[in-house]
Amino acid sequence: MKKMIAVLAVILMTSGISLGYAAEQKIGYVDLAKVFDEFQKTKDFDKALEAKGNAKQADRDKMVNEVKKMRDEAELLSAKAKDDKQAAIDEKIKVLQEFDRGTRDALRKERDTMVQEILKEIEAVIQVFGKSQGYSFIFNDRVLVYKGESDDLTPQVTKALNDPYTKKK
């Protein structure tokens with residue numbers, strides 16, 4: 001019985017110490033997806049990437065129209081001339097497919113690179129924000145089972161990202 005009381009006392013004392021330590025901690029969380037989406041740099045990059053994609057689509061449309069025109073011309077030709085024209089059409093289609101693949105890969109690579117840069121920038125701002133505001137821990141909201149709204153730092157982090165970015169523009 002005395003051993004149980006001693007063990008219970010030790011457990012209570014250690015839990016009291018850890019509770020006291022936890023009370024001194026300043027903890028918050030950030031919705032990274034929301035910060036990413038609301039970051040003006042992300043929005044600007046998406047617009048620029050969309051413009052590049054539209055320009056590439058215009059180039060692709062020209063190539064498709066050339067293939068259609070060549071097919072229409074082939075319909076009017078003799079059998080021998082059709083075969084020659086079909087070889088040229090097949091070559092144009094191959095060029096079009098390479099263009100599609102190259103454009104898709106280039107745009108995906110550019111997007112991936114920019115996403116990585118933006119995420120690094122967000123992480124750096126969170127680090128500075130956490131230190132300056134005295135936070136012990138700032139978590140990504142995706143791993144939390146429960147989160148109180150008062151601990152949500154997303155608006156402050158978004159503001160900390162957007163203010164200097166919009167001033168640069």
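The values are calculated or read from the model by the stated rules, or taken from the named source; none is laboratory data. Just so it is clear, the model here is predicted, and its values are computed rather than measured. Cβ atoms come from the backbone with ideal geometry, glycine included; neighbour counts cover every protein chain shown. Remember, those area values only see protein heavy atoms, side chains included, never the ligands or the DNA or RNA. Shrake-Rupley method; radii C 1.70, N 1.55, O 1.52, S 1.80 Å.
Figures for the structure shown
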read-out	value
The chain: calculated mean residue ellipticity at 222 nm from DSSP helix runs of at least 4, using -39500 (n - 2.57)	-29000 deg cm²/dmol
Area accessible to solvent at Asp152, 1.4 Å probe radius, in Å²	40
Where labels lie 7 Å past Cα in the beta-carbon direction, separation of Leu77 and Asp44 in nm	5.1
Area projected by the alpha carbon convex hull of segment 18-169, averaged over all directions, nm²	13.4
Theoretical gain in end-to-end length, Asp84 to Lys52 [0.36 nm per residue, Cα-Cα removed]	8.0 nm
Net charge of neighbours whose Cβ lies under 13 Å from the Cβ of Gly134, counting Lys and Arg as +1 and Asp and Glu as -1	+1
Computed FRET value (nearest 0.05) for Val95 with Gln116, which takes r as the C-beta separation and R₀ as 30 Å	0.40
